[in-house]
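Asks: Encoded as structure tokens, here's the structure I'll be asking about.
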Amino acid sequence: QSLLTQPPSVSGAPGQRVTISCTGSSSNIGAGFEVHWYQQLPGTAPKLLISGNTNRPSGVPDRFSASKSGTSASLAISGLQAEDEADYYCQSYDNESGSNVFGTGTKVTVL
Amino acid sequence: QVQLQESGPGLVKPSETLSLTCDVSGYFINRGYFWAWIRQTPGKGLEWIGSMYHSGSTYSNPSLRSRLTISIDTSKNQISLRLISVTAADTAVYYCARHRAGRLAVAGTFDSWGQGTLVAVSS
């Protein structure tokens with residue numbers, strides 16, 4: 001079972017704002033390890049969306065933002081668009097397991 | 001812009017060895033970065049397998065470490081994965097990725113991914 005827990009699904013109408021939580025523990029997010037977010041469009045490989053807790057790589061729209069607090073992190077998508085329909089994963093490092101770990105994944109549906 | 005392309009057999013028999021290669025273009029592996037293998041299954045989601053630096057430093061998932069070999073061939077700009085004694089649980093899409101080190105070398109982000117290759121373990 002994953003050490004980073006995400007809601008299985010979130011949905012919103014075009015233009016709305018949705019948030020995805022990533023709940024960890026004191027051995028990963030709470031230990032200060034950075035959280036990264038990935039977007040996986042249907043049938044494709046994951047793509048880096050946010051690195052180092054809050055940083056958007058070049059080319060990622062500023063509709064995507066992220067934050068981290070305590071043992072959790074969250075990804076927000078504002079001005080939801082049809083093209084945002086995808087699976088989203090958080091990722092961090094866990095020093096108890098000695099491994100990079102991914103979240104359980106969240107499917108975003110645009111209504 | 002770095003590009004990664006995985007290749008290898010799509011079917012492996014139980015108890016045999018899974019071998020994959022990843023060709024890297026647009027970036028010389030020996031310039032830096034770690035290079036990683038990650039797999040994805042419907043049941044377990046995304047799972048980090050391991051990462052290697054061109055100098056040979058290697059980090060791996062403790063759950064796979066005893067069966068795993070990752071290697072780098074800088075002359076071919078290629079990374080390889082070898083997983084022995086496979087079972088049906090090793091059936092997955094396998095990705096190679098560029099691994100940007102974080103606060104700890106092993107901790108970091110995967111900033112470029114290959115398209116992935118499906119490997120089924122079945123007799």
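Asks: Do any strands (runs of 3 or more DSSP E) lying entirely in region B:1-109 carry at least 1 residues that are at pLDDT 95 or above and in contact with a Gly (Cβ under 7 Å, 6 or more places away or on another chain), and which ones are they?
Replies: Filter on region B:1-109 gives B:3-7, B:18-25, B:34-41, B:58-60, B:68-73, B:92-101.
Asks: What pairs come up if the first residue lies in region B:42-59 and is more than 11 Å from chain A (Cβ to nearest Cβ) and buried (at least 18 other Cβ atoms within 10 Å of the Cβ), the second is in a strand (DSSP E or B) and of a type in the set (Ser, Thr, Tyr), and their beta carbons are under 7 Å apart, counting only those six or more places apart or on different chains?
Replies: From region B:42-59, the pairs are B:Met52/B:Thr58.
Asks: Please state which of the following conditions A:Gly98 fails to meet, knowing it meets all the rest: (1) surrounded by 14 or more Cβ atoms within 10 Å (Cβ to Cβ); (2) away from chain B (no Cβ under 14 Å); (3) small (Gly, Ala, Ser); (4) over 12 Å from the mean Cα position of the chain (by Cα).
Replies: (2)
Asks: Restricting to region B:17-41, what's the tally of residues that are surrounded by 15 or more Cβ atoms within 10 Å (Cβ to Cβ) and either free of Cβ contacts under 8 Å to residues at least 12 places away in the same chain or within 13 Å of B:Ala89 (Cα to Cα) (or both)?
Replies: 3
Asks: In region B:65-76, is there at least one residue being within 11 Å of another protein chain (Cβ to nearest Cβ) and on the phi < 0 side of the Ramachandran plot?
Replies: Among the residues of region B:65-76, at least one is within 11 Å of another protein chain (Cβ to nearest Cβ) and on the phi < 0 side of the Ramachandran plot, which makes the answer yes.
Asks: Give me the pairs: first residue in region B:102-123 and at the interface with chain A (Cβ under 10 Å from one of its Cβ atoms), second residue surrounded by fewer than 22 Cβ atoms within 10 Å (Cβ to Cβ) and basic (Lys, Arg), beta-carbon distance under 8 Å, and six or more apart or on different chains, which are they?
Replies: From region B:102-123, the pairs are B:Gly108/B:Arg100; B:Thr109/B:Arg100; B:Phe110/B:Arg100; B:Asp111/B:Arg100; B:Trp113/A:Lys47.
Asks: Checking the condition in contact with a Ser or Thr (Cβ under 6 Å, 6 or more places away or on another chain) and either polar (S, T, N, Q) or more than 14 Å from A:Val18 (Cβ to Cβ) (or both), which residue from A:Asn53, A:Asn95 passes?
Replies: A:Asn95
Asks: So which residues in region B:88-110 are more than 17 Å from B:Gly8 (Cα to Cα) and among the hydroxyl-bearing types (Ser, Thr, Tyr)?
Replies: The one that is more than 17 Å from B:Gly8 (Cα to Cα) and among the hydroxyl-bearing types (Ser, Thr, Tyr): B:Thr109.
The values are calculated or read from the model by the stated rules, or taken from the named source; none is laboratory data. These numbers come from a predicted model, not from an experiment. Neighbour counts run over all protein chains shown; Cβ positions are idealised from the backbone, glycine included.
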